[in-house]
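This report refers to the structure that appears directly beneath it.
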Ligand code: AMP
């Protein structure tokens, strides 16, 4: 496994790869099995897999969240080596942003709802860093988790807007046995808090299975009440939205898929999750 920290180094490596297909997995480190599942998918579909580790300051709308974000590069490298990842790219902030970037992207509804509404500027920061990675690495395929479904939609929209040739591939949500969606942020939860956090999955599962018997308003009401039962859980939003545009819905539609989305705070740890509604 090769580890690069500068743009020059990784670009000269890539030049030598000639016509090989390159898969790219962008991460912020503190790697867990879900990240590794993306690496595994990339390895199956590409000749060379690159994983980046970069805690992107531009996508944190709260400074304390950036400061508290878990970092453990040594352990990350051990996990990536075990997964047979080919290349790790660990640039510094100066390497990624040698000059100040002041781009303003507009992704329509995606820039307004759910994560965008609750984390102003977040997706602009994501788009800035992903565009930069796409330019530096020019991968064949780039892998993003459906856990961050809105981010995946934003990256697809970005690739289209900048006419990128990179194919954006969505990867399934990886969960703990309890159902809790894996996240680097889970490291900050105690064992008891994780049990409480797994209730989010249970409530989402109920919602996903009851389209036939409940209205959207009834399921929203159900979800809010379930979360309210646990004093540690503080709901930020719950929406059922189209799986294409991510436009939140008030009535069921039969022509398109729908997904339930939520963001919940648990003792200062922000958890997001989503689940496809079964028709
Ligand atoms: P992060 O390090 O949190 O920025 O995540 C890096 C990539 O891993 C993103 O594409 C995430 O969507 C993806 N990812 C993180 N957690 C999960 C999960 N539980 N299931 C699937 N993908 C995930």
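Derivation of every value follows stated rules applied to the coordinates shown; laboratory data play no part. On a predicted model such as this, the values are computed, not experimentally measured, just so you know. When we count neighbours, we look across all protein chains shown, and the Cβ atoms used for this are built from the backbone with ideal geometry, even at glycine.
Give me the distance between the Cα centres of region 20-43 and region 212-255, rounded to whole Å. Comparing the Cα centres of region 20-43 and region 212-255, I get a distance of 31 Å. Taking a point 7 Å from the Cα of residue 62 along the Cα-to-Cβ direction, the residues of region 249-279 with backbone N closer than 18 Å to it are 262-273.
Sorting 19, 247, 64, 115 from the fewest to the most surrounding beta carbons within 10 angstrom yields 19, 64, 247, 115. Residue exposure proxy: 216, 109, ordered by other Cβ atoms within 10 angstrom of their Cβ from fewest to most, comes out as 109, 216. Computed from the C-beta positions of residue 270 and residue 165 and an R0 of 51 Å, the FRET efficiency is 0.90 to the nearest 0.05. Model label sites at residue 1 and residue 206, defined 7 Å from Cα along the beta-carbon direction, differ in position by 4.1 nm.
Kindly state, to the nearest 0.05, the FRET efficiency for residue 192 paired with residue 256, given R0 = 35 Å and r defined as their beta-carbon distance. Spell out each step's value before the answer.
Details: r = 39 Å, r/R0 = 1.12.
After rounding, the FRET efficiency stands at 0.35.
Compared with the dominant principal axis of the Cα atoms in the chain, helix 191-208 is inclined by about 70°. Of 143, 69, the sequence from fewest to most neighbouring Cβ atoms within 10 angstrom is 69, 143. Among 105, 149, 123, the residue with the largest mean-square fluctuation in a Gaussian network model of the chain, with springs joining Cα atoms closer than 10 Å, is 105.
Each label was represented as a point 7 Å from its Cα along the Cα-to-Cβ direction; for residue 20 and residue 106 these points are 4.2 nm apart.
Helix 216-228 axis versus longest C-alpha principal axis of the chain: approximately 80°, rounded to the nearest ten. So in the chain, what percent of DSSP beta bridges are antiparallel if you round to the nearest 5? If we restrict to bridges inside the chain, about 50 percent are antiparallel.
In this structure, residue 11 and residue 225 have a Cβ-Cβ separation that, at R0 = 45 Å, corresponds to a calculated FRET efficiency of about 0.25.
For the chain, the longest principal axis of the Cα atoms and the long axis of helix 7-16 meet at an angle of about 70 degrees. Averaging the Cα positions of each part gives two centres, and for region 178-198 and region 120-165 these lie 27 Å apart. Largest GNM mean-square fluctuation across 84, 138, 163, computed for the chain with C-alpha springs under 10 Å, falls on 163.
Which whole-number percent of Cα pairs in the chain have a distance greater than 29 Å? In whole percent, the long-distance tail amounts to 34.
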